[in-house]
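Heads up, the thing below is written out as structure tokens.
The values are calculated or read from the model by the stated rules, or taken from the named source; none is laboratory data. Just so it is clear, the structure is predicted and the values come from calculations on it, not from any experiment. Note that each Cβ is placed from the backbone with ideal geometry, even for glycine, and that neighbours are counted across all protein chains shown. Note: accessible area is taken over every heavy atom of the protein model, side chains too, but ligands, DNA and RNA are not part of it. Shrake-Rupley method; radii C 1.70, N 1.55, O 1.52, S 1.80 Å.
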Amino acid sequence: MSSIILASASPRRAELLEQIGVAFTVQPAHIDETPRAVEMPGDYVERLAREKALAVAISFPDKLILGSDTSVVLDNVILGKPSDAYEAGTMLAELSAKTHRVMTAIALVQGGRCESRLVTTEVTFRKLLEPEIAAYVASGEPMDKAGSYGIQGLGGIFVKEIKGSYSAVVGLPLQETAALLADAGCPVWKHWPSSRESQS
């Protein structure tokens with residue numbers, strides 16, 4: 001059994017870990033994801049990543065637990081997963097011809113220690129037409145995704161520009177994830193240096 005557990009049911013995060021050759025098992029975390037009063041989006045995303053990892057770590061104290069959370073933020077407002085087709089269409093119309101931020105946090109728990117990172121990527125949408133919004137919503141793709149779109153799927157055609165980490169928008173920032181694992185003594189590649197080694 002792998003010493004790494006992914007505290008997420010997201011197939012996209014699992015695919016990204018597999019992409020870089022990480023062996024892991026999946027144990028979804030079940031936590032309250034309600035934002036706190038006056039909580040900034042970055043603080044919210046990083047808190048959820050940490051709480052997911054810590055919740056799973058209770059049952060697996062000898063494992064490395066990786067938690068993650070992603071939010072789409074427009075004008076400092078978090079756009080979560082849509083509750084229905086109408087809300088999905090409304091979110092997409094709000095994102096049309098604007099730049100929004102995608103915030104993804106990762107947290108790694110090892111023993112009693114929890115290290116986390118927050119990665120912010122700017123994504124700019126081209127102008128979306130009502131018929132294509134309707135067609136995209138009808139495809140069903142937006143329904144389980146923050147901000148009602150998936151950059152790695154059909155929603156990728158809406159993206160005019162991206163500044164930052166593509167993999168973070170999908171759901172897991174690979175560079176930061178690999179660095180956290182290396183620092184925990186579990187490098188993705190045998191020659192991957194930890195941050196301590198790279199600074200020496």
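When the charge dipole of segment 63-143 is built from unit charges on Cβ atoms (+1 for Lys and Arg, -1 for Asp and Glu) and taken about the Cα centre, the candidate among 73, 121, 89 whose Cα reaches farthest toward its positive end is 121.
Longest exposed-loop-site-free stretch of the chain, with trypsin sites (Lys or Arg not before Pro), DSSP loop and at most 16 other Cβ within 10 Å? With trypsin sites (Lys or Arg not before Pro) excluded where exposed in loops, the chain gives 128-189 as its longest stretch. Charge dipole (Cα centre; +1 on Lys/Arg Cβ, -1 on Asp/Glu Cβ; no other charges) of segment 1-136 amounts to roughly 340 debye.
With 20 Å as the limit, the listed pairs 98/160; 81/163; 63/145; 52/163 have 81/163; 63/145; 52/163 beyond it between alpha carbons. Cβ-Cβ distance of residue 160 and residue 74, R₀ of 22 Å, FRET efficiency by 1/(1 + (r/R0)^6): the value works out to about 0.90.
List residues of segment 6-31, by number, whose backbone nitrogen lies under 12 Å from a label position 7 Å along Cα→C-beta of residue 39. Inside the label zone: 31. Solvent-accessible surface of segment 1-103, taken per residue with a 1.4 Å probe and all protein chains present: 50 Å².
Would you please state the base-10 log of I(q)/I(0) at q = 0.26 1/Å for segment 67-157, with intensities from the Debye formula using one equal scatterer on every alpha carbon? Debye curve over Cα of segment 67-157, log10 I(q)/I(0) at q = 0.26 Å⁻¹: -1.38. With a ≥ b ≥ c taken as the square roots of the eigenvalues of the C-alpha gyration tensor of segment 1-86, please select rounded if a/c is under 1.5 and otherwise prolate if a/b is larger than b/c or oblate if it is not? It comes out prolate by the Cα gyration axes. Restricting the calculation to Cα atoms, the chain yields a radius of gyration followed by a Dmax of 17.3, 56 Å. Against the chain, whose longest principal axis is taken from its Cα atoms, helix 174-183 shows a tilt of about 20°. Solvent-accessible area assigned to carbon and sulfur over the chain amounts to 54 percent, based on a 1.4 Å probe.
Taking 0.36 nm per residue of separation and subtracting the current Cα-Cα distance, fully stretching the chain between residue 97 and residue 124 would add 9.0 nm.
Just to confirm the number: angle between the C-alpha axis of helix 85-95 and the first principal axis of the chain, 0 to 90 degrees, nearest 10? Taking Cα atoms only, the helix is inclined about 90 degrees.
Against the chain, whose longest principal axis comes from its Cα atoms, helix 41-57 is set at around 50 degrees.
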